[in-house]
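**Student:** Starting off with a structure, shown below.
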Amino acid sequence: MRRLYIFDTTLRDGEQSLGITLNVNEKLEIGKQLVKLGVDIIEAGFPASSPGDLDSVRTIAREVKGAIICGLSRTVERDIDCCAEALREAEYPRIHTGIAVSPVHMERKLRLSPDQVIEAAVAAVKRSKKYVGDVEFYAEDAFRSDPPFLVRVLEKVIEAGATVVNIPDTVGYATPWEYGELVSYVMNHVRNIGRAVVSIHCHNDLGMATANALAGIKAGASQVEGTINGIGERAGNTSLEEVVMAIYTQRGRYGVEMGVNTREISATSRLVSRISGVPVPSHKAIVGANAFMHASGIHQDGILKERTTYEIINPDVVGVPRNRIVLSARSGRHALKHRLGELGYHVGREDLETVYQSFLQLADQKREIFDQDLHALME
Ligand code: KIV
Ligand code: ZN
């Protein structure tokens, strides 16, 4: 089993979601919860982007212990110096520096030649190393880069001292098999790859960020980046809770182990949603309000007989107190009798049919039947 490091960027890439700006206290509260969740790295912000973000990263570095605290920078000298300044009091500081490597980004955005990009990348890693031992390099838009060029860049930055190399699918363009192939290509062609941790960072533009991240892990990456609830630029980032629970549920398929306390997943999701103001869709995997609810009669009957008939995750494991049977017009006699029993009404076989017919009449008028409705019905 190799260790899979969980890199949370809710406070940096997540905060880049349209409409989200977190103040220092909000970031601090989320940072402390991320430690409880057991993530290995917290990317706290982009210190050079604003005085407020510098202050947030500095405060988190000072007050949040028990995880690596990371700050983002471009290859610009001022960014790196700012990052180092913000991370001064961190227990375990990391600078995450990088530059774009795809033709469209190099030619049209940076207006730099490939050799100039390599020069800037190496200089940035060397400058970061003067401040901290742990330096992560991101090759922005790596998925759309020319793989042999990506290999050249990564070899040079590892030579310059990068301890982690990040291969982002910045625009969410990959499919799982292609992304897995790129990670394998890096593992097999970068001569000095053994000296660095390979990290993956996926965006969700085609709805494949989680699948792509899992493909990258299967191909040998030892660090996965993402956000809680999948928040982030445009369609968001990989949802960390989805990756963690996919690995947990299918233990053995990936050959990795993690240090996450899965029981904190639900609380972390609720906190991030409340503070960011971004609601979690009710059908969202793992953390959606309906993720452990059962509405149809057939499913409710199955669950009451044996939970695993319709649940692949025990809700306790992610901190959801118990699976919920929602009583509605779709529910059957078994679910109704079970809930009535929990409320202290023991209905015999002969009475159940009468009670069930009254229940259906009521349920046809209301979307959901609550306990008080059942009390009224029984009275
Ligand atoms: O998506 C991306 O490429 C990024 C980098 C800055 C790591 O967020
Ligand atoms: Zn990103």
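**Student:** Kindly indicate whether any position in segment 179-194 is within 13 Å of ligand 2 (Cβ to nearest atom), touching a helix residue (DSSP H, G or I) at 6+ places or on another chain (Cβ under 9 Å), among the charged types (D, E, K, R) and touching a residue at least 24 places away in the same chain (Cβ under 8 Å). Can you show your working first?
**Tutor:** Initial filter on segment 179-194 (within 13 Å of ligand 2 (Cβ to nearest atom)): none.
No: zero hits.
**Student:** Name the residue that is surrounded by the most Cβ atoms within 10 Å (Cβ to Cβ), counting only residues in segment 167-184 that are not polar (S, T, N, Q) and not in a helix (DSSP H, G or I).
**Tutor:** Of all residues in segment 167-184, those not polar (S, T, N, Q) come to 167-169, 171-174, 176-183.
Then drop every residue that is not not in a helix (DSSP H, G or I), which leaves 167-169, 171-174.
Values: Ile167: 25, Pro168: 24, Asp169: 28, Val171: 18, Gly172: 23, Tyr173: 18, Ala174: 26.
Going through the qualifying residues, I end up with Asp169.
**Student:** Right, something else. Considering only strands (runs of 3 or more DSSP E) fully contained in segment 35-151, which possess at least 2 residues that are in contact with a Phe, Trp or Tyr (Cβ under 9 Å, 6 or more places away or on another chain)? Show your work before the answer.
**Tutor:** Values: elements: 41-45, 68-73, 92-100, 135-140.
In segment 35-151, the matching strands (runs of 3 or more DSSP E) lie at 41-45, 68-73, 92-100.
A quick yes/no check of all residues on (1) in contact (Cβ under 8 Å) with a residue 24 or more places away in the chain; (2) of a type in the set (A, V, I, L, M); (3) at positive phi:
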site: Ile312; (1), (2), (3): yes, yes, no
site: His334; (1), (2), (3): yes, no, no
site: Arg349; (1), (2), (3): no, no, no
site: Leu360; (1), (2), (3): yes, yes, no
site: Ala376; (1), (2), (3): no, yes, no
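**Student:** Next question, about the same structure. Starting from residues that are open to solvent by less than 10 Å² (accessible area, probe 1.4 Å) and farther than 20 Å from Ile313 by Cβ, keep the ones in segment 204-226 and report whichever is nearest to ligand 2 (Cβ to nearest atom). Don't jump to the end; show me each part of the working.
**Tutor:** So the first thing to find is which residues in segment 204-226 are open to solvent by less than 10 Å² (accessible area, probe 1.4 Å), and the list is 209, 212-213, 216-217, 221, 223-226.
Next, from what is left, pick out any that are farther than 20 Å from Ile313 by Cβ: 212, 216, 221, 223, 225.
Working: Asn212: 13, Gly216: 14, Ala221: 15, Gln223: 14, Glu225: 8 Å.
Among them, the one singled out is Glu225.
**Student:** Now a separate question. How many residues are farther than 28 Å from Asn229 by Cα, away from ligand 1 (no atom under 16 Å from the Cβ) and either in a helix (DSSP H, G or I) or under 17 Å from the mean Cα position of the chain (by Cα) (or both) when one looks only at segment 185-208? Give the derivation first.
**Tutor:** So in segment 185-208, the residues farther than 28 Å from Asn229 by Cα come out as 185-196.
Then keep just the ones that are away from ligand 1 (no atom under 16 Å from the Cβ); that gives 185, 187-195.
Next, from what is left, pick out any that are either in a helix (DSSP H, G or I) or under 17 Å from the mean Cα position of the chain (by Cα) (or both): 185, 187-189, 193-195.
So the answer is 7.
**Student:** For residues in segment 1-55 being hydroxyl-bearing (Ser, Thr, Tyr), more than 16 Å from ligand 2 (Cβ to nearest atom) and more than 14 Å from the chain's Cα centre (by Cα), which is farthest from Val278 (Cα to Cα)? Lay out the reasoning, then the answer.
**Tutor:** The first filter runs over segment 1-55 and keeps only residues hydroxyl-bearing (Ser, Thr, Tyr), leaving 5, 9-10, 17, 21, 49-50.
If we keep only those that are more than 16 Å from ligand 2 (Cβ to nearest atom) as well, we get 5, 21, 50.
Next cut, more than 14 Å from the chain's Cα centre (by Cα) only: 21, 50.
On the way: Thr21: 11, Ser50: 22 Å.
Here the residue is Ser50.
**Student:** Within segment 118-131, identify whether any single residue is surrounded by fewer than 22 Cβ atoms within 10 Å (Cβ to Cβ), polar (S, T, N, Q) and more than 22 Å from the chain's Cα centre (by Cα), and answer yes or no.
**Tutor:** No, there is no match, as no residue in segment 118-131 is surrounded by fewer than 22 Cβ atoms within 10 Å (Cβ to Cβ), polar (S, T, N, Q) and more than 22 Å from the chain's Cα centre (by Cα).
**Student:** Same structure again: Could you go through segment 310-319 and let me know if any residue there is among the small types (Gly, Ala, Ser) and surrounded by fewer than 20 Cβ atoms within 10 Å (Cβ to Cβ). Quick ask: steps written out before the conclusion?
**Tutor:** Step one: filter segment 310-319 for residues among the small types (Gly, Ala, Ser), giving 319.
Still in the running and surrounded by fewer than 20 Cβ atoms within 10 Å (Cβ to Cβ): 319.
Within segment 310-319, one or more residues are among the small types (Gly, Ala, Ser) and surrounded by fewer than 20 Cβ atoms within 10 Å (Cβ to Cβ).
**Student:** Let me ask you something else. Go through segment 216-260 residue by residue and tally those that are of a type in the set (D, E, K, R) and part of a helix (DSSP H, G or I).
**Tutor:** Of all residues in segment 216-260, those of a type in the set (D, E, K, R) come to 218, 225, 233-234, 241-242, 251, 253, 257.
Next, from what is left, pick out any that are part of a helix (DSSP H, G or I): 218, 241-242.
The qualifying residues number 3.
**Student:** Return yes or no: is Ile200 in the same structural domain as Glu43 (by TED's automatic domain parsing) and either in contact (Cβ under 8 Å) with a residue 12 or more places away in the chain or not hydrophobic (A, V, I, L, M, F, W, C) (or both)? Walk me through it before giving the result.
**Tutor:** Values: in the same structural domain as Glu43 (by TED's automatic domain parsing): yes; either in contact (Cβ under 8 Å) with a residue 12 or more places away in the chain or not hydrophobic (A, V, I, L, M, F, W, C) (or both): yes.
Judged against the criteria, Ile200 is a match.
**Student:** Being at pLDDT 95 or above, open to solvent by less than 30 Å² (accessible area, probe 1.4 Å), within 20 Å of Cys202 (Cβ to Cβ) and β-branched (Val, Ile, Thr) narrows it down to one of Val135, Val164, so name that one. Quick ask: steps written out before the conclusion?
**Tutor:** Numbers: Val135 fails: within 20 Å of Cys202 (Cβ to Cβ).
On inspection, the qualifying residue turns out to be Val164.
Condition check ((1) among the aromatic types (Phe, Trp, Tyr); (2) crowded, with 16+ Cβ neighbours inside 10 Å; (3) within 16 Å of Leu22 (Cβ to Cβ)) across all residues:
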{"residue": "Asp53", "(1), (2), (3)": "no, yes, yes"}
{"residue": "Ser56", "(1), (2), (3)": "no, yes, yes"}
{"residue": "Thr59", "(1), (2), (3)": "no, yes, yes"}
{"residue": "Ala67", "(1), (2), (3)": "no, yes, no"}
{"residue": "Ser73", "(1), (2), (3)": "no, yes, no"}
{"residue": "Glu77", "(1), (2), (3)": "no, no, no"}
{"residue": "Asp81", "(1), (2), (3)": "no, yes, no"}
{"residue": "Tyr92", "(1), (2), (3)": "yes, yes, no"}
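Okay, residues lined up against (1) among the basic types (Lys, Arg); (2) in contact (Cβ under 8 Å) with a residue 24 or more places away in the chain:
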position	(1), (2)
Tyr5	no, yes
Thr9	no, yes
Arg12	yes, yes
Leu22	no, yes
Leu28	no, yes
Gln33	no, yes
Glu43	no, yes
Ala48	no, yes
Pro51	no, no
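**Student:** Where the second residue is modelled with pLDDT under 95 and assigned to a helix (DSSP H, G or I) and the first is farther than 21 Å from Val224 by Cβ and not assigned by TED's automatic domain parsing to the domain that holds Val224 and lies in segment 137-155, which pairs have Cβ atoms under 7 Å and are six or more apart or on separate chains?
**Tutor:** none
**Student:** State yes or no: is Ser73 small (Gly, Ala, Ser) and within 16 Å of ligand 1 (Cβ to nearest atom)?
**Tutor:** Working: small (Gly, Ala, Ser): yes; within 16 Å of ligand 1 (Cβ to nearest atom): yes.
Here the answer is yes, as Ser73 does meet what is asked.
**Student:** Continuing with this model, one more query. Mind checking whether some residue in segment 23-34 is of a type in the set (Val, Ile, Thr), out of contact with any Gly (no Cβ under 6 Å at 6 or more places or on another chain) and either assigned to a strand (DSSP E or B) or buried (at least 24 other Cβ atoms within 10 Å of the Cβ) (or both)? Show your work before the answer.
**Tutor:** Within segment 23-34, the first condition is being of a type in the set (Val, Ile, Thr), and the residues that meet it are 24, 30.
Filter once more, keeping what is out of contact with any Gly (no Cβ under 6 Å at 6 or more places or on another chain): 24, 30.
Then keep just the ones that are either assigned to a strand (DSSP E or B) or buried (at least 24 other Cβ atoms within 10 Å of the Cβ) (or both); that gives 30.
Yes, there is a match, as at least one residue in segment 23-34 is of a type in the set (Val, Ile, Thr), out of contact with any Gly (no Cβ under 6 Å at 6 or more places or on another chain) and either assigned to a strand (DSSP E or B) or buried (at least 24 other Cβ atoms within 10 Å of the Cβ) (or both).
The values are calculated or read from the model by the stated rules, or taken from the named source; none is laboratory data. Everything numeric in this text was worked out from a predicted model, so none of it was measured. Cβ coordinates were reconstructed from backbone atoms using ideal geometry, including for glycine residues, and neighbour counts include every protein chain displayed. Surface accessibility is based on the protein's heavy atoms, side chains included, excluding ligands, DNA and RNA. Shrake-Rupley method; radii C 1.70, N 1.55, O 1.52, S 1.80 Å.
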